[in-house]
Every structure is written in C-alpha cells, then in structure tokens.
Number of protein chains: 2
Amino acid sequence: MIPNRHVYVLGGASTPFIGKGHPDFVWPKHPDFGKRENPTLEEHLTRAIMLALETTGVPASAIQRGFVANFAGETFASQGHLGAMAVRAHPDLAGKPWTRVEAACASGGCAVVSAVEALQAGYDVALVAGAEVQTTVSARVGADYLARAAHYALERSIDEFTFPAMFARRWKAYSQAHGVTDADLGHVGLKAYQNANRNPLAHMRTARRSLEWCQTASDQNARFLQNEELKEHLKMSDCSQVSDGGSALVLCTESGLARLGKRPSDAIQLRSVGQSTGPLAGVTDLLALDTTALAAAEVFGDTGVGREQVGVVEVHDCFTITEWLMLEALGFAARGRAPELTLSGATAIDGRLPVNTGGGLVGFGHPVGATGIKQVVEVWRQMKGLCGDYQIASRPVFGVTANMGGDDRTAVVTLLENVA
Amino acid sequence: MIPNRHVYVLGGASTPFIGKGHPDFVWPKHPDFGKRENPTLEEHLTRAIMLALETTGVPASAIQRGFVANFAGETFASQGHLGAMAVRAHPDLAGKPWTRVEAACASGGCAVVSAVEALQAGYDVALVAGAEVQTTVSARVGADYLARAAHYALERSIDEFTFPAMFARRWKAYSQAHGVTDADLGHVGLKAYQNANRNPLAHMRTARRSLEWCQTASDQNARFLQNEELKEHLKMSDCSQVSDGGSALVLCTESGLARLGKRPSDAIQLRSVGQSTGPLAGVTDLLALDTTALAAAEVFGDTGVGREQVGVVEVHDCFTITEWLMLEALGFAARGRAPELTLSGATAIDGRLPVNTGGGLVGFGHPVGATGIKQVVEVWRQMKGLCGDYQIASRPVFGVTANMGGDDRTAVVTLLENVA
C-alpha cells in the first residue's frame, strides 16, 4: 500500500537488547545476581518510548495515536493490555487511543502498518513501540510459549523447541535442494556476530565467534533438537537470541512534520508497506517464504523501485537459513542463489547490499515485539548516518525491511526512502 | 473520529456464548461429558467469521483487510498469532493482511477502530472477528489470567479475583456516595437475566432469576471475594459470565457497498468512533469512568447528535455497577442518577432507552475478545429488526456501544445510525 497521505519516519530508538551472553544480563553466575533485577517488560517499553521521544525531540503531548507491539506478554510477564501500560510512560500520553497489536514475531511490522493506516485516517503524529521480555523462564518453557506463534494443537509436537525444528526442516530441504552446506551457512552467522560486535546495543556485542565455530557443531555450539530427522540440521549458532528489549519510532504525515517544526529531510519516507497473512499450519513450500514474497511483490510493484536501487536491508533472520530465504522472497536473489550473495561479501557492511548491519536477530537479538520496529529504526539510522562503528559508507537512498511472524505466516515489508 | 470515508456496518453474527450454566456446555456433570468437547478458540473464531460472511452474503474473496480481537488466547488456549489462525477459516482469506488487536476486554472495540482506520487508508471491505475461550481452566486460574488486564505487578494482590474486587471497590464507593443499595442494583442483574432469557444465543438463556435472588446474597449467589473490605460489595449475580464465544462483522465504505451490490440502507452507518486509553493502575475517581467519558465526549461532540436521539445502547456491564457508571460516562444520566433510569424502567426493552437488550455481559455473556464486536452486531440487529423475541418495538435511528478494557483503562464508544 502506498499511503495517500505521505508517511515519514521521523526517527526512533532501541534499548540495549539483552539476555544470556550479554554482559549486563543478570543470571545466576553474574556478579550482580541477587543485587539487581533485569528490566521488566514495562521498563523496556517505557524506555523505548522515552528514548524515541528524546531522539526525535517530539514532546509526548504531540503524540495523537499509539500502538504497542508485543507477542507474548501474557505468558512471559503476566501482562496484557499493553496500550494502557504504554501510556504510563508519560502523563501527556494518557487519554489518546493506544492499541496493542500482535502477530507473533511480526507484531512490530503489523504495528507499523496499523500506524500508517491511522495516519491515513487523519492523525498526524503516531508513536509505535514494541517490547518483549523472554528471559523470565527457562529456555524450555520459553520455547513452549513461543510455540503459540505456530498452530499449537497441530504443530507443537514437532519438537520441544518447535520453531527451531520448523526452520531446521527448511534448512534440511534447502541444503538438499541447492547443494549448500553448514560450511556455507556459517558465513551468515559469522556476519551476524561480527556486525553485532560493532553495535553497542546488540545482545551479542561482546561474543566473538570464528567462522569455524559458526560452521561446526561442538559442545558450545550444540545440535539441541530432539527430533531425530531434524537434529542434524540446526545448531545454536544458527539461532536468533532469546532477548529482552524495546524499540520505538515516531511516524508522521507532512502536516505532522510541519507541526513539529521538521522538514521531510529530517526524516525518511515510508514509500510503501505490504502486509500478507497466510494460514497457520499452511506452509506448502519449504524452499520459499511465499507470504513474505507476496508482501514484497506488493511493495516493489506499488512503487516501481528496482531491487538494484536498494542500499540497505533488514531481514528477519530468526535463523540463519531465514536470511537466505528472505533475500530470495524479496527478489534480491533467485531461488537457491542467496548463498552467493553472502559468500561474495555483497551482504556485508561494505558490500553492495548490506544486510542486517547491526547484527540482525542472530547478533543484535530478537525481543519479539520490538523486532519489526527495530528494523525500521535501523534503516533510518543508516540513512541518517547514526550507526557509528557499523555505519555503511554511502548513505543509502532506498532501504527495505522484512519482518515475519511464525513460519512465514504473517509478513510485513516496508520500502523506505531517504529524502535528504 | 468521524471517518472521512463513510463507514458502514453491513452486518455480522455471533456464535452462541456458552460456559457454565449454559445447557450445551460440557462439564463433569453434563450428560455429554467424555463424549464431546466444547468448541476450541479456533472453532469459535472460524464459526463467527463464516456466520458473518453468510449473514451478510459477502464472499470471503471480497474481504481485503481483517482484524482479530482476542485478549488472552496465549494463556487460556495456548494460542497467539490469531490473524494467521483466522485466515484458516476460508482459503480466499489467505494472503490478505490480518492483524490481532488486544486491549483486554476492549479488544473488540479496538479492532473496530483499527478497521475503520484501515478503511480510511483505502480498503473498501474489512472483516472484524473476535473470539475468546475461558473455560479451559478453573475459575481461580482464569481470574489470574484475566488479571493481566490490570497492572499485574501492582494490582494483582487486591484479591484472588482481581477484577471482581476492583469493581466491588467501585460499588462500595458508589453506594455510599449516592445512597443506593443492593436492592436497587439487583434490578440491573434482573434485567440482564430477563433479556438473556429471550435471546437464544445467550449464555444465561435458560437461567431464571427472581428480583429477590439478584438483590440478595445466598448460598447460590455467594459473596466470593476474600478481601474483607470488599467482600460485602459483590455477589455472583453482579458479575458478567466466564464465556466462550465469537462475534464478527463486515465493515465497508460506500465503494465497498457498491462493489458488493448493496445500498447504504442495507447497512447501518458508523457515524463516529472514539477511543481513549488511560494508564494502568491510574484510576483516580472510583465514582466515574473517566476514560469512557472521554471517548463518549469525542463521539457526541464530533457529530452533534444528542443523547435524547439515541434509541438503543450496548454498554460494557462487566459488573452490574458498571452499567450505571457507563450510562453516566456516556451522558445518559448525571452522576449518581443512573439508578433512576433502571428503576423507572427506561433501560428495559420496552423503555425509552433500551440498554443491553440481548442480556449484556451479565446475561448474554462475556467472551472477552468478542464482546466489543458483539455490541456493534447487536445494535445492527436491533436497527434491522432481527432480534426476534427481544426486538424493540420502534426501530432506533441512533445507537451507541461502549466497550471497556480493564478498570476503565481503554474505552471505545461508537455512534451508529440506521440509514434505512
């Protein structure tokens, strides 16, 4: 959908994404254990909102419409009704309409879509905030909660770790169909960690990984699935992180920019957004992300922008194989050809198509509800030269984000343009 | 908000709302126990969608945008990502954007708001479906899940039954401030049950209650709170039902009507909708629903329609006291004067301001995610003369719905006009 009323991303911010492996994350072996607690869901949400307001210089009173993206607050944090939680962040937010949006790991993208729609209805300034905590329970219990993004009754039993198994199934099919191996796929994980090492907000900012480590199962990089047919097709280094964190951004119309004393060049433009939803338990092709491809086709078809014009990409690498499937669904590579993009260096920070420059879901982390919003924040930051050690050299004119829920069941793709 | 592009409610439908006390609800003492199961969340959602399509004669392929309202699927049904669940209802729904919206008990109202916004963005036909199951766990566990609509960390401990206690607190304050008693309030419960007795879809359709029963605590109508200060201020007959069920409706623009071969007179018009959100744990006045009042002021202020023009009302009677507080927040009575409306018979089906003609949340039932949608469906049914035994005599020109999440933390008010 091309918005009739132009929509601008004025900017945004993310909290640090933290969890096991992050130096600030408190767990039983941490020196602060028993002395302080990790931030709560409310704290991550509030911090993200306040950071986005500070970063953009927008007063809370200017926010006319709000959306909160969160997947599983009811389970991990015993908390729903997060629109009414968000307005606790600042007294001037109260009274306005705030709504929580959920589409599993695509919650953030869907919240952006809903905000774009709200701006078409007449609002001029909207805030979109996503947050998640997942470290309040064990990995096993967490995997059970996350399985609620699949068809629980039909799909839960594939493995104790439902989603890792679903994407192991995709990697098994892909590697067999296209003749690529863990040695190739390891380059995706390596890039994620290397990018994260330059990103002070990344969950894996201090975790150094070698190529060999990412390519090879080991005691520290275990194949942890129980499913005998899939166990060989996934290791820890292929997985995104179980992270806590939040991201938020301010979207506005041209009237909104004017009211805030901003110019279009202070922002980036959301040229088009596509959302597509497929049925749970309805994947028919393990070798393609059909739902993501639909959303991408809408966005590129709407605008006529060519893939070769795109200078920065954020894809939903919930697992390393997903990065390749996403690049193919977005049309940046033909089927089976995404590995070449990675192996040629094209997707590196200094490549021609930098992908997940902050580390992606594998390196930056994956606080579920925040992810789709963080992707847009990251493209805005790259376009405005705010990425510090992981800034790409040439400011991209066009950027793309692709956020996905479940096994390609909800997809949101945005096309962003630097109007500077 | 008055929609720039006119929005019409083409119609909708609800499943039977069932739970303990409903003759079809399977529980250990039911003759079918062990022979069949109660419908699942997916089944209620799917049935509501298909019923809405059948009732309106709209083919699934015409639906361009979908919203699902649900509060707590992750806990009661181990299921999130309900947009992708909804599109399983019909193959022609797949591929379109579907989003789940949550604002506790106002989830349904918020989904209507989001659909109105989506129609402003260019879509012409939208489907909004809400569903909830709550009978999968004990009442005590369910009360814990429902407490996620409050600020769990700060408010959970008021009572094992958090929300009943929060509204007992309001009734305690109201009865003391305005000199009304359980003998007065019993008339609200009596009306709910009597209306439900005429409604074949109502949870309490077969439950006969006398005025005395609704006025008086007894073994069968217990004061069940533990909190000593609040225990005296709530009994079972004051509470809405723990129900399973679903509701869905089709919203469209004028272009949508034309495309579907319909005229405005086949529908009712959504003249205005207001949504307001207040901070969790932020109630400052026990004697008023401030957030609902804000949303109502917006709707009436927008349109200039007077309260005296309204001929049918659906309010969110999560507890009997809430019906009075809602009537005051909507401006149908001054503070402390709503009891007179009830006691004079004005809110009865044959009164001048019929309220909750199908039984409301107390009698019809309260499958949380469905409720805000059911309210709009009910006004449409009254306006089109489809309510059978509980049809009001004169077709109302204007109708109002008021849906609320938590303790007046999110509120959605709609003003609907019969354009026939």
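DSSP beta bridges fully contained in the protein assembly as shown are about 70 percent antiparallel. Summing charges over all other residues whose Cβ lies under 12 Å from the Cβ of B:HIS151, with Lys and Arg as +1 and Asp and Glu as -1, gives +1. In the range A:314-420, the portion of solvent-accessible area held by carbon and sulfur atoms comes to 48 percent [1.4 Å probe, whole percent, DNA, RNA and ligands not counted].
Build a GNM of chain A with springs between Cα atoms under 10 Å apart, and of A:GLY306, A:GLY369, A:GLY336 the one that fluctuates most is A:GLY306.
In a simple Cβ point-charge model (Lys, Arg +1; Asp, Glu -1; nothing else charged), the protein assembly as shown has a dipole of about 540 debye relative to its Cα centre. Farthest towards the positive end of the charge dipole of the range A:24-181, among the residues A:TYR174, A:SER107, A:VAL58, is the Cα of A:TYR174, using unit charges on the Cβ of Lys, Arg, Asp and Glu.
In the elastic network of chain B, a GNM with C-alpha springs shorter than 10 Å, the most mobile of B:GLY95, B:GLY360, B:GLY278 is B:GLY95. A cut-off of 5 Å between modelled amide H atoms, ignoring neighbours fewer than 5 places along the same chain, links B:GLY358 with no other residue.
Note on the protein assembly as shown: helix-only mean residue ellipticity at 222 nm, from DSSP H runs of 4+ residues weighted -39500 (n - 2.57) and normalised by residue number, equals -10000 deg cm²/dmol. Under 10 Å, Cα contacts only: if you run a Gaussian network model on chain B, which one of B:ILE392, B:ILE63, B:ILE158 comes out with the highest mean-square fluctuation? Looking only at B:ILE392, B:ILE63, B:ILE158, the largest GNM fluctuation is found for B:ILE158.
In the range A:254-287, burial by the other protein chains removes 20 Å² or more of accessible area from A:GLN275, A:THR277, A:PRO279, A:LEU280, compared with the chain on its own (1.4 Å probe, ligands and nucleic acids ignored). Put simply, chains B and A cover up around 4100 Å² of each other's accessible surface, both sides summed, when a 1.4 Å probe is used.
Globularity index of the range A:58-168 is 1.24 (Cα radius of gyration / 2.2 N^0.38 Å, N = number of residues). Alpha-carbon geometry of the range A:131-269: the Rg and the Dmax are 19.5, 60 Å, given in that order. Could you name the lysines whose alpha carbon sits less than 28 Å from that of A:LYS35, not counting residues in the same chain fewer than 8 places away? Leaving aside lysines fewer than 8 places away in the same chain, those within reach of A:LYS35 are A:LYS20.
DSSP bridge analysis restricted to chain A gives an antiparallel fraction near 70%, rounded to the nearest 5. Label-point spacing for B:GLU232 across the identical copies (point 7 Å from Cα in the Cβ direction), in nm and ascending order: 7.4. Relative to its residue count, the range B:319-402 spans a Cα convex hull of 93 Å³ per residue. The Rg/Rh ratio for the range B:228-286, using Cα coordinates for both the radius of gyration and the Kirkwood hydrodynamic radius, is 1.21. Check cross-link reach from B:LYS191 to the aspartates and glutamates: straight Cα distance under 20 Å, and skip same-chain residues fewer than eight apart. Qualifying aspartates and glutamates at Cα under 20 Å: B:ASP182, B:GLU212, B:ASP238, B:GLU314, B:ASP317, B:GLU323, B:GLU328, B:GLU340, B:ASP350, B:GLU378, B:ASP389. For chain B, the fraction of alpha-carbon pairs lying more than 38 Å apart is 13 percent, rounded to a whole number.
Take the range A:243-387 with all the other protein chains still there, run a 1.4 Å probe, and you get 26 Å² of accessible area per residue. Phi angles of the range A:280-285 translate, via the Karplus equation with coefficients 6.51, -1.76, 1.60 and θ = phi - 60°, into HN-Hα couplings of 4, 6, x, 5, 10, 10 Hz per residue; Gly and Pro are given as x.
Label-to-label distances for A:ALA173 across copies, nearest first, come out at 5.6 nm, using points 7 Å from Cα in the beta-carbon direction.
Loop exposure criterion: GluC sites (Glu not before Pro), DSSP state outside H, G, I, E and B, at most 15 other Cβ atoms within 10 Å. Applied to chain A, the longest stretch between such sites is A:230-420. Extents of the range A:212-324, largest first, come to 58, 31, 29 Å (Cα atoms, principal axes, whole angstrom). For the range A:194-278, the list of trypsin sites (Lys or Arg not before Pro) that fall in a loop by DSSP and count at most 10 other C-beta atoms within 10 angstrom reads A:ARG208.
Considering only protein heavy atoms and a probe of 1.4 Å, how much of the accessible area of the range A:1-159 is carbon and sulfur, as a whole percent?
55 percent
Taking every pair of alpha-carbon atoms in the protein assembly as shown, give the share separated by more than 37 Å as a whole percent. It works out to 40 percent of all Cα pairs. Across identical copies of the chain, B:PRO91 has label-point separations of 5.9 nm, listed in ascending order, with the point defined 7 angstrom from Cα along Cα→Cβ.
How many percent of all Cα-Cα pairs in the range B:1-104 sit more than 25 Å apart?
The proportion of pairs with Cα distances above 25 Å equals 32 percent.
Quick check: convex hull of the Cα atoms in the range A:264-370, volume per residue, rounded to a whole Å³?
135 Å³
Close amide H pairs (under 5 Å, H built 1.01 Å from N) link B:PHE161 with B:GLN226, residues at least 5 positions away or on another chain.
The values are calculated or read from the model by the stated rules, or taken from the named source; none is laboratory data. Note that the structure is predicted; figures quoted are calculated from it, not measured. Reconstructed Cβ throughout: ideal geometry from the backbone, glycine too, with neighbour counts over all protein chains shown. These area figures cover heavy atoms from the full protein model, side chains too; ligands, DNA and RNA do not enter into them. Shrake-Rupley method; radii C 1.70, N 1.55, O 1.52, S 1.80 Å.
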